[in-house]
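The values are calculated or read from the model by the stated rules, or taken from the named source; none is laboratory data. Treat the numbers as computed from the prediction; the structure is a model and nothing was measured. So basically every Cβ, Gly included, is an ideal-geometry build from the backbone, and we count neighbours across all protein chains shown.
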Amino acid sequence: MENERSDNLTIAFLGTGQMGTPMASRLIAAGFNVRVWNRSMERVEGLVQLGGIAASTPAAAASGADLVITMLPDGPTIETVIDGENGAFATMTSGAIWLQMGTVGIEWTARLDVRSIQAGVLFVDAPVSGSVAPATTGELLILASGPLAAQPAATRAFDAMGRHTFWLGAAGAGSRAKLILNNWLVDLVEMVVETLKITEALGLDPRVIVDILADAPIGSPYAVSKARSMLEGDFSTSFALKHAVKDAVLALDAAKSVDLELGLTASLISSWQRAIDNGAGDLDLSAVYRFASAEAK
């Protein structure tokens, strides 16, 4: 899609980590004017080679920008980048649009929304569903929520980064939807781990069981893919375990706020945290299989 169109929107992209880098590269290739900032500035070098403009601070990136995008790991980090010293709010013009695309949970989303109103900025809560591969190919699902006035410009950017944008209502709905999807994801991975463990314990070939599941209505393409990665010992990071646990805890907090218990999710936290404590935090969440297998033995 390189240079398919030229677009006069100026976008500040703050946070060029594992997900942010391919997302920003899609915007650059689509012809937007993209300024990029990251706390570790060496992470923006590849984007500059693609045509992005390096900014020394979030404020410098956001100055006069039509859209500011944050793709950062948690609420406190985002608050510092957007509203701290040399933060983006210092230079954003009234009516500018902030697309907050990280996963930070319900409480932080509400807090950032309030601060945006105070700053005169249109806040769009738009976390994404998908990992590095769909981010690279522009196949993300975008769970957008926010004011109608922000939708036309926001959608132009979303179209470059994802294959489908779901507009879900007022800001906050996107984050609630993302917690639901990620809760599904971690429960699915835990189910895969338990399935492989019992298969091995009963003396069956887990590869054959996975092949059966791949051909059965009850099989899930994602679960089958993760099962095969686990059996191959391939834990190259698509969704880091430490981020999966963070999101699972956010889902538990959200459930607690509406007097609901998520028993399956609650049951996996301690074993997944042990995997992190043993050095697996930056590996793919499928790495929990390695530690579960060790525990079972």
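Couple of notes before you dig in:
Residues are listed down the side, and each one gets a yes or a no for (1) over 21 Å from the mean Cα position of the chain (by Cα); (2) surrounded by fewer than 20 Cβ atoms within 10 Å (Cβ to Cβ); (3) in the same structural domain as residue 286 (by TED's automatic domain parsing); (4) of a type in the set (Ser, Thr, Tyr):
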site	(1), (2), (3), (4)
159	no, yes, no, no
212	yes, yes, yes, no
241	no, no, yes, no
256	yes, yes, yes, no
260	yes, yes, yes, no
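- Residues of the stretch 114-136 satisfying the condition of being surrounded by fewer than 23 Cβ atoms within 10 Å (Cβ to Cβ) and closer than 24 Å to residue 180 by Cβ: 114, 129, 130, 131, 132, 133, 134
- Yes/no for residue 156 being of a type in the set (Lys, Arg), part of a helix (DSSP H, G or I) and within 27 Å of residue 273 (Cβ to Cβ): no
- Failed item in (1) of a type outside the set (A, V, I, L, M); (2) under 21 Å from residue 146 (Cα atoms); (3) within 22 Å of the chain's Cα centre (by Cα); (4) crowded, with 20+ Cβ neighbours inside 10 Å, with residue 58 passing the rest: (2)
- All conditions in (1) modelled with pLDDT under 95; (2) in contact with a His (Cβ under 8 Å, 6 or more places away or on another chain) hold for residue 142, with the sole exception of (1).
- For residue 110, the conditions (1) buried (at least 19 other Cβ atoms within 10 Å of the Cβ); (2) part of a helix (DSSP H, G or I) all hold with the exception of (1).
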